[in-house]
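One structure is given here, and the rest of the page talks about it.
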Amino acid sequence: MRKGSGGRLQEVRPVPTTGDRPPRPKPVKGSRRREPTRRRRALRTVATITLFLLPGLALFLLLVLLPIVIAAYTSLFRWNGLGGWPRAQNFLGLGNFTRLFEDPIFWGDLRHMAVLIILSLVIQLPMALGLALLLNQRMRGRAIYRAIFFAPYVLSEVITGVLFTMVFSPETGLANHVLGLFGITEGATEWLADPDIVLYSVFLVITWKYFGFHMILYLAGRQGIPNELLEAAALDGAGPWKQFRHVTLPLLGPTIRMSVFLSIIGSIQLFDLVWVLTQGGPVHASETMAVTMYHFGFNRNQFGYASAISVAMFIISLIFALSYQRFVLRRDTQGAITSMGGLR
């Protein structure tokens, strides 16, 4: 007992010690579910990922890896594609690849590929970039212009090839008619039959077909750049060219690098347009590796040699893709790598 502030007596209760506390009730068996262990959760996560990956992995193995293995195997034989799989007596080893590197047609295909790549990087992509920056400005009918310039990409390669076969017709084609009105050319120009200009004619068709795709890529990248950065550069005294050089172009770097990658890979594997337009002629002047592979495989029934060409094309594409990713796209892909540790 003790006196309070008003003189009244108050009862002081002793503080219970640990030993004085009442015992806790024992948990009833089965009242709480036992939490899964970390290993069980990890196994469940792996099983879920595997289940979702199986359909895509099966298609990848069936449609990508298996044809590569078959092409690599048949490239070691002299095989006409008939009578079952190649036989041991037709084994050549690396004979098809030796023939490939001694074939002037193959080296011509490499030169054509290099010309198309250089023209794409120098003409097609800068034109697509300039058009994207122009269509990013405020103007009337901007959406219509974007749709018009993107429309050629929607057309299939076969339709585009047939269309430009008529456009480049020597007698009735639109190209000779328009150039004749301005007095640029006289007579009928053989756009697809002259070995000196046929490759450049094919490049014009490629540019018309694909520059809209690259334009949309650049336009999307430009719209991802905050206008506040350009306004701040303008306040610092930067003109339009300096804004483009020091703000827009560096921030468009990832988009430009990806566009260059797609353009080069497309030039290495080009087939559809060339086949419909010229079938590689005249005199192999517009032939690509894919067209050469088709000629030897399906026209001459030399599937072993055609497989060697396909393997060479695959190796060139693979080396370029890995090198480009290693040295050019390295900074762009570092932030896109997902760690499995976040699934724990």
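The values are calculated or read from the model by the stated rules, or taken from the named source; none is laboratory data. Model, not experiment: these values are computed from the prediction. Cβ: placed from backbone, ideal geometry, glycine included. Neighbour counts: every protein chain shown. Note: areas computed on protein heavy atoms with side chains; ligands, DNA, RNA excluded. Shrake-Rupley method; radii C 1.70, N 1.55, O 1.52, S 1.80 Å.
General remarks:
- Kirkwood Rh and Cα Rg combined as Rg over Rh, evaluated for the chain: 1.28
- To put it simply, the accessible area of the range 94-221 at a 1.4 Å probe is 70 percent carbon and sulfur.
- Neighbourhood net charge (10 Å Cβ-Cβ; Lys/Arg +1, Asp/Glu -1) for Gly161: -1
- Extending 7 Å from the Cα toward the beta-carbon at both His177 and Asn301 defines two label points whose distance is 4.5 nm.
- Shape call, the range 203-254: gyration tensor on alpha carbons, a/c limit 1.5: prolate
- Counting only protein heavy atoms and using a 1.4 Å probe, the accessible area of Asp236 comes to about 140 Å².
- Here the peptides 204-213, 303-312, 121-130, 44-53 are ranked by packing, the mean other Cβ count within 10 Å, and the order with the highest first is 303-312, 204-213, 121-130, 44-53.
- Within the full protein context, the accessible area of Tyr294 is estimated at about 70 Å² for a probe radius of 1.4 Å.
- Given 15 as the ceiling on other Cβ atoms within 10 Å, longest exposed-site-free region of the chain for GluC sites (Glu not before Pro) in DSSP loops: 187-344
- Cα long-axis angle, helix 104-119 against the chain (0 to 90 degrees, to the nearest 10): 60
- Sum of side-chain charges, Leu179 neighbourhood, beta-carbon under 15 Å (Lys, Arg +1; Asp, Glu -1): -4
- Dividing the helix sum by the residues of the chain, where each DSSP H run of 4 or more adds -39500 (n - 2.57), gives a mean residue ellipticity at 222 nm of -17500 deg cm²/dmol.
- Global form of the range 197-344, assessed from the alpha-carbon gyration tensor, a/c cut-off 1.5: oblate
- 0 to 90° range, to nearest 10: angle between helix 198-223 axis and the chain longest Cα axis: 20
- Dipole in debye (nearest 20) - the chain, about Cα centre, beta carbon charges: Lys, Arg +1; Asp, Glu -1: 4240
- Largest accessible area first, the residues His284, His295 order themselves as His284, His295 under a 1.4 Å probe with ligands, DNA and RNA left out.
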